[in-house]
Every structure is written in structure tokens, then in C-alpha cells.
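The values are calculated or read from the model by the stated rules, or taken from the named source; none is laboratory data. The structure presented is a predicted model; accordingly, all values stated were derived computationally and were not measured. Note that each Cβ is placed from the backbone with ideal geometry, even for glycine, and that neighbours are counted across all protein chains shown.
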Amino acid sequence: MEKAVNKESDRMQDIISLCKRRGFIFPSSEIYGGLNAVFDYGPLGVEFKNNVKRAWWDTLTRMRDDVVGLDAGILMARRVWQASGHEEVFTDPLVDCTNCKSRFRADHVAEMSGDPDVCPNCGMRGTLTEPRKFNLMFKTYMGPVEEDAGLVYLRPETAQGIYVNFQNVQQSMRKRLPFGIAQIGKAFRNEISPGNFIFRTREFEQMEMQFFIDPTSEERWFEYWREQRWNWYLGLGMKAEHLRWHPHGPDELAHYARAAMDIEYEFPIGWKEIEGIHDRTDYDLKRHAEYSGKDLSYYDDAEKKSYIPFIIETSVGADRSTLAFLCDAYDEEEVSDGTRVVLHLHKRLAPVKVAVMPLSKKEPLVELAHKVHDEVRPLGLTQYDETGGSIGKRYRRQDEIGTPYCGTVDFESLEDQQVTIRERDSMAQRRVPIAELRATLAADLLG
Ligand code: ATP
């Protein structure tokens, strides 16, 4: 059993080290020793995460008529967080170890040490203090003086920016209910026990969609959005056996929710939440109406009635889902000349779409290879690789970053104006005329 656990955590280490080695993700401020629980995305990581965000955005906004986009500020009026309840209740229970001075989230201790009375760091029993409430919002000050009147929070979720803009969006876009507002943006939480790489960080990105509905259609839309969100992961190649539902019991439900279901992913570190689908009732708009003094009710022309809309929310971490896609894609395969590390990423998510490589560094091969590279540039991020090493080694490097197609320019290409296209997953090779290359690969990348 222990061996299996070790193997799994080794797998996480393998993924973390690939991310560092191949320019996906670096620890923040690394040359100064790092900043706990903040990470920087390197050249391939930013492209990969952007692809995840783009896939979410396109599915929710561009491919539908009933969801529109928004990009609200990170800083908002303090009253927003009073109305939402965050100032009062966005807390985690914090315990201190009186022996080693470590701090933990009380509800994480049992999972970490195997016993709620044992410190996960030093292993001492009975040294943990009683839990006390710790608010997770980061504070800062607006203006030159650090005084209470200027206190603002870095938003701990993007959702509130949507609620306070409900009327602006509804009226300016002449939207009728039901309709949704989608937003992608940074959120900040002063997590007590962050960790597991980009799974739980203090600065992260959320992709949230709030769907405004007639209160009588609450259950139907909750079920509808559950199905939509589940299928989104499958459509991007995630393995169904790595996903499961976790319904929130009455003791888990947040103060605003009537029903909540998490989508959990089986990471190498175990089953963990990646997304929540929440039935928030009319809690949010009612509270903002109360705190702002503005009437946020909606008049339904068709039904000839006025009501405060109910909200079904889908909320997923961009970083956490990026990590899930990464873990799902990572594989070590035995091939004829050893083990190949490969990311079987969905083509839409792969950071580099095509890599072009000349068989040798000699002219006129190089010139033709550059021409071929320019041909495929419009397909997305591409790479040109004439570094030393056999073609086989260069293919392996592309496998490791999940590049779906490699195009090799060889001496025959000079004669027949064709290149060898090698496919990542099957490793199959075929010849494609340069004149047809862009159209062929564009179709393959979509397929
Ligand atoms: P958890 O129980 O893991 O703390 P949560 O239930 O508080 O998460 P929500 O407030 O529902 O999470 O946030 C929605 C999504 O935002 C989560 O499913 C997760 O993907 C992401 N998320 C939340 N907190 C973090 C964090 N500290 N780091 C990275 N992603 C996060």
C-alpha cells in the first residue's frame, strides 16, 4: 500500500519536474528562495493555460447565444464583500501546533496526519490548539494613507464582479432571462495550508459563469449545467474514469447555496475538487439589493411578473483544471528504444501545435525548413528545431511537451516538395506535399 502511495507521489514529482525543465511552470521569485504558494507560468505554460481558458471561454460564450462575457476589476468596493458575506464568514478554521509552531487548516489535519489530534509536521499528539477563525481575504489600501477608510480586498472569487454588473449587462445587451455571464480572472486567498504545486495556491485564476434564471426553473438548470460541465472535460479528452461527482452534504454547503455538486478529479495525490456547480438561489442579488439600496429585480415580459433572479453558478480554477489536464495527459510509454515521456494532450490544449525540423543543419535543407515553418505558423504556436541530436531525440522532446505534429524536412523534400509528418500518439509517419501542409494540418488539428 505504502509503495503504491509513493509511486503516486513520485508521479506528481515527475510532472512538477517536467513543468520546470520544459518551461511550463516555475516557482515565483525563485532566485530569492521562492514565494510560498505562488507560481509563474513559463513560455509553454502560459500557452497551455491560455488554451484551457480559451476552450472554456469559447464553449461558454462564442458557441452559445445565452451567455456573454465580462472582465471586472480585481479591486471592488468593500461593501461588496460585506454584502456577499465574505467579510464575516469567508474564514477557515486555523490550528497551531504548540510544539513545532506549524499552522494547519483544522479540517485538513486528519487527512494529513491520519489523526485529528496529531500534528502533521512534528507528529506530536495533543499539541494542536483549539481552532480559531482566520479570514482568507488579502487586504490592501487605496490611496496614500493606510487607514480603515481606504481598506480594500483583493477579490477571493470573480463571481461578485458579475453580480454587481447584472443590471449593466442585462440592460446594455437587452438580455432576457435565462442568460449567463462568464468571466475569467485572478482571485486571491490567503490559504492556511496551500500546496500540492498549483492545486492550491494563494494567487490563482478562476473561470466562473453565473446563469440567471426564473426561480421556478432552479432544478432543471442545475441539472443542465452539471451535464454541460461534465461533458466539457470529456470533450477535451479527459478520461471519464478519472472524474466523479461529490454532492455537498448539509454540513458542507456554503452559506449561499441550496445545492452544490463538485466535479472531482483523481490526481496522483488522490480525488480532489476541480469545479463546483452551485444553486445559489436569489441570495446574491437579494443581498446586493439590500446593501446597495438598488432594485435588482427583473421584470419578465412573457410571464408578466417581477422577481429577483435565481443563480446557478459553475466555478472552476484555471490552474487547477490545467493541472488536471496535465496529469491526465502524462504518460511514460515503453517503446523500442526505451521509455518515452509523452503528454497526450488534446490538440486544442497542446501549447505547441507543430514543430518543424530539418534532418541536417546543411543548406539548402535549412532554407526549405524555414519556409515550411512559416507555412505552419498561422496554426498556433509552432517551433523550429535544428538543434543537434537525431530526429528521434527531437521527436522525444516534442512528445514531452505534447506537440501533436512534427514535420521533418529531408533531402528528398528538396526533390519532391513533400515533408514527413509524424503524429505524436501513434508515432505514425506520412508524406504530405508542402503546398497542402497548412490546410491538412489545420483540418487534423480541428479533428
Ligand atoms: P477548496 O475546498 O479546495 O478550498 P472551494 O470549495 O473553496 O475549494 P470554490 O470557492 O468553490 O472552492 O472555488 C471554485 C474553484 O476555484 C475550485 O473548484 C478550484 O478549482 C478553484 N480554487 C479555489 N481555491 C483555490 C486555490 N487556493 N488555488 C487554486 N485553485 C483554487
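Numbers for the structure displayed
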| read-out | value |
| --- | --- |
| All positions within the range 265-294 that are within 15 Å of the ligand (Cβ to nearest atom), buried (at least 22 other Cβ atoms within 10 Å of the Cβ) and assigned to a helix (DSSP H, G or I) | ASP284 |
| Residue under evaluation ARG377, criteria (1) assigned by TED's automatic domain parsing to the domain that holds ALA435; (2) over 29 Å from the mean Cα position of the chain (by Cα), criterion not met | (2) |
| Among residues of the range 218-248, those that are part of a helix (DSSP H, G or I) and either under 21 Å from ILE269 (Cβ atoms) or touching a Pro at 6+ places or on another chain (Cβ under 7 Å) (or both), counted | 5 |
| Answer residue from the range 295-314, given it is more than 25 Å from GLY276 (Cβ to Cβ) and assigned to a loop (DSSP other than H, G, I, E, B) and is nearest to the ligand (Cβ to nearest atom) among those | SER297 |
| Positions within the range 131-178 being loosely packed, with under 13 Cβ neighbours inside 10 Å and among the small types (Gly, Ala, Ser), in sequence order | GLY143, ALA149, SER172 |
| Strands (runs of 3 or more DSSP E) within the range 364-447 that include 1 or more residues hydroxyl-bearing (Ser, Thr, Tyr) | 382-384, 405-409, 418-423 |
| Hits in the range 315-336 - residues which are more than 9 Å from the ligand (Cβ to nearest atom) and of a type outside the set (A, V, I, L, M) | THR322, PHE325, CYS327, ASP328, TYR330, ASP331, GLU332, GLU333, GLU334, SER336 |
| Residue that is modelled with the lowest pLDDT, among those in the range 189-210 that are near the ligand (Cβ under 9 Å from one of its atoms) and among the aromatic types (Phe, Trp, Tyr) | PHE199 |
| Filter result (modelled with pLDDT under 95 and either away from the ligand (no atom under 12 Å from the Cβ) or not assigned by TED's automatic domain parsing to the domain that holds PRO309 (or both)) within the range 235-254 | GLY249, PRO250, ASP251 |
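Yes/no per residue for (1) at pLDDT below 95; (2) touching a helix residue (DSSP H, G or I) at 6+ places or on another chain (Cβ under 6 Å):
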| site | (1), (2) |
| --- | --- |
| ASN6 | yes, no |
| ARG11 | yes, no |
| ILE16 | no, no |
| CYS19 | no, no |
| GLY23 | no, yes |
| ALA37 | yes, no |
